[in-house]
Amino acid sequence: MVQAGIDVALLADVLSVFIIAAGVGIFVAKIGKFPYTIALLLAGFAASVVGINVQLDLSHDLILLVLLPPLLFEGAATTNLERLRRNLAPILVLAVVGLTVSVLALGLVGQYAFGFDLLVALLFAAMILPTDPVSVLALFEELGAPERLSVLVEGESLINDGVGVVLFTALLARIGAENGGGHGGGGPELFSVAGAVDLGLNIAVTAGGGALVGIAGGYLVYRVMVNLDEHMTEIVLTIILAYGVFLLSEHYVDRLLGTHFSGVIATVAAGLLIGNRGAEFAMSPRTKLSVFNTWETGAFIVNTFIFVMIGVTTPIGQLLSNWRLILVAIPLVVAARALVVYPITGLVNRFNEPTVPFEYQHVMVWGGLHGSIPIALVLGLGSGSGLAPELRTTLRAMVFGVAAFSLVVQGLTMSNLLNGLGIVTRSDDEELYELLVGRARAVDAALESAEELHASGELPEEVYDDFTAEYEREKVQLGDAIAELLRENPQLRHEQLLAGERQVLQREKSALRDAMHDGVVSDDVGERLVEEIDLKLDYVRDGTTTVEEREEGFDEFWRRRAREFGLDAVDGREPEFAESDGAAADRADRGSGPES
């Protein structure tokens, strides 16, 4: 027998993880509404308790380098960039200022509550307080949370992870330097003005540099996809992009520039660009369907693996040995989250519109779940960290314990909290609209594919006629059903009108930029028209449409200029032409003149 180069035991362990996941999936499908990700976690706990041994190492590098990039990219690609922009102020303030303040608060209290040195207490706070995008994205998608609430919680979780890693790295370096005999690690004192400025600059460079790498990489792939219509190749390009910008920011930038950029921020920025501008301008309907289905499936598989493995690798014995510390840490972590969410959001509400409702703030406190990111950070505490082995074991137990409470207790009660606060999740009307629109897009893609196959001779004429007749009928029926649904739901119609108008205006703006670039429109005229489109976009962002059914809803600049020249057609009136005598006589001979 030939000895295989692949570890069969490793493959068997991976298979066992997905066997557990399949059993959980069948269970959830049978009993109905129960969060799939939390069921996976509980199944992993059960497997660990009964002694099912999975010889897979859920390491720091496995989580951060292999599992995290596809989840971040898929989450960002399916995030509406316009909605994110409208909520950017509270997201950024909570993710940067809020996280830093909460880490300081928990660290200061934790040195007395846990009996740790101040630096160690701060290190624990920096590990556990960043809200985890993996957990948040999975739970909110399953619950069908309101779009704006999802954007607020998911946006913060996607950004504050990068900030949390910077804080964790700075604190760990300080601990290592002090335990190694150095003082300050060659930098300013951490608790000084110079230290605060240095930390702030570090966060800005890390996050800003990661964003630049993500945007640059995303734009490069976007330009390739604009001139390419091969859906399988475009899927490969997005996979290269997701992992490429992460690795470039986390590893290769440090070698080239001597500084570290955030791979998390880079992947999020790239996903936002491809998922919004790329989907709108660089993907055919078939490509869009293929790319997003692939990423949805990939994220589901990775999520499944992560949640089962967190449950399986949870050190039950260590949790029991440190149960007192864990019970103290859980309320302090929730309190530290509440300490920043309520006052900071209230302050931002004074200067920013739209405001964040108080009910949403409750959900943002309780929905700040902690999962794979804190676990990845605590697993990265090796012998070179400067921490004693016993202390590393204690920190590991505390992080796993708080994460388990967060995912299970907070996760399972999230739906009840939303219902208790009267926060409406996705309505039946919205679900039906999504169903109809999704099917309509699939029908359009099918008709487009049939046309291509018929043109290439792969689909016989008679089969093509039957095929298109069937799908054309369905297309008409879907259109009628969508129109009736929108007529019966004015609010839904208004929301879809604003969403469609925003996309159309963005395309108008892009077409104008192209015309200016090609010299068809001069820069001064083009900038005036672009400025007007930006004004329309401002109206749309404020919830006011510029489109009216029976009359013009916005008096454009070109209409005013045309009126100045006496052009009647600008207002929908038939132009009055000055007719020559010869033309009048010729018209009279044909007998087509107006009645007297």
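The values are calculated or read from the model by the stated rules, or taken from the named source; none is laboratory data. Predicted model, so just to flag it, every value in this text is computed and none were measured. When we count neighbours, we look across all protein chains shown, and the Cβ atoms used for this are built from the backbone with ideal geometry, even at glycine. For the accessible areas, the whole protein counts, side chains as well, though only heavy atoms, and no ligand, DNA or RNA atoms are used. Shrake-Rupley method; radii C 1.70, N 1.55, O 1.52, S 1.80 Å.
Observations
- For Arg502, the criteria (1) within 28 Å of Gly275 (Cα to Cα); (2) surrounded by 13 or more Cβ atoms within 10 Å (Cβ to Cβ); (3) free of Cβ contacts under 8 Å to residues at least 60 places away in the same chain; (4) not acidic (Asp, Glu) hold in every case but one, which is (3).
- Cβ separations smaller than 6 Å between residues 6+ apart or across chains give the following pairs from the range 221-234 residues that are on the phi < 0 side of the Ramachandran plot to residues that are surrounded by 13 or more Cβ atoms within 10 Å (Cβ to Cβ) and basic (Lys, Arg): His231/Arg286.
- Criterion violated by Ala481 - all others in (1) of a type in the set (A, V, I, L, M, F, W, C); (2) within 30 Å of Gly176 (Cβ to Cβ); (3) open to solvent by 30 Å² or more (accessible area, probe 1.4 Å) satisfied: (2)
- Taking helices (runs of 4 or more DSSP H) as the structural unit, those lying wholly within the range 235-328 and holding at least 2 residues that are open to solvent by less than 30 Å² (accessible area, probe 1.4 Å) and modelled with pLDDT of 90 or more correspond to 263-273, 285-313.
- Every pair of residues 6+ apart whose Cβ atoms lie under 6 Å, when the first sits in the range 105-128 and is in contact (Cβ under 8 Å) with a residue 40 or more places away in the chain while the second is not in a helix (DSSP H, G or I): Ile128/His370
- Residue within the range 426-447 that is in contact (Cβ under 8 Å) with a residue 24 or more places away in the chain, over 30 Å from Pro285 (Cα atoms), of a type outside the set (Asp, Glu) and open to solvent by 60 Å² or more (accessible area, probe 1.4 Å) present: no
- Matching option when the condition is surrounded by 16 or more Cβ atoms within 10 Å (Cβ to Cβ) and either under 30 Å from Leu272 (Cβ atoms) or not small (Gly, Ala, Ser) (or both), among Ile38, Ile31: Ile38
- Checking each residue in the range 215-227 for being over 20 Å from the mean Cα position of the chain (by Cα) and more than 12 Å from Gly278 (Cα to Cα) picks out no residue at all.
- Boolean, Phe191 is farther than 17 Å from Leu257 by Cβ and either at pLDDT 80 or above or in a helix (DSSP H, G or I) (or both): no
- A search for C-beta distances below 7 Å between a residue of the range 473-495 that is assigned to a helix (DSSP H, G or I) and any residue that is open to solvent by 90 Å² or more (accessible area, probe 1.4 Å), counting only pairs 6+ apart in sequence or on different chains, returns Leu478/Arg439; Leu486/Arg493.
- Glu551 at pLDDT below 80 and open to solvent by 60 Å² or more (accessible area, probe 1.4 Å): yes
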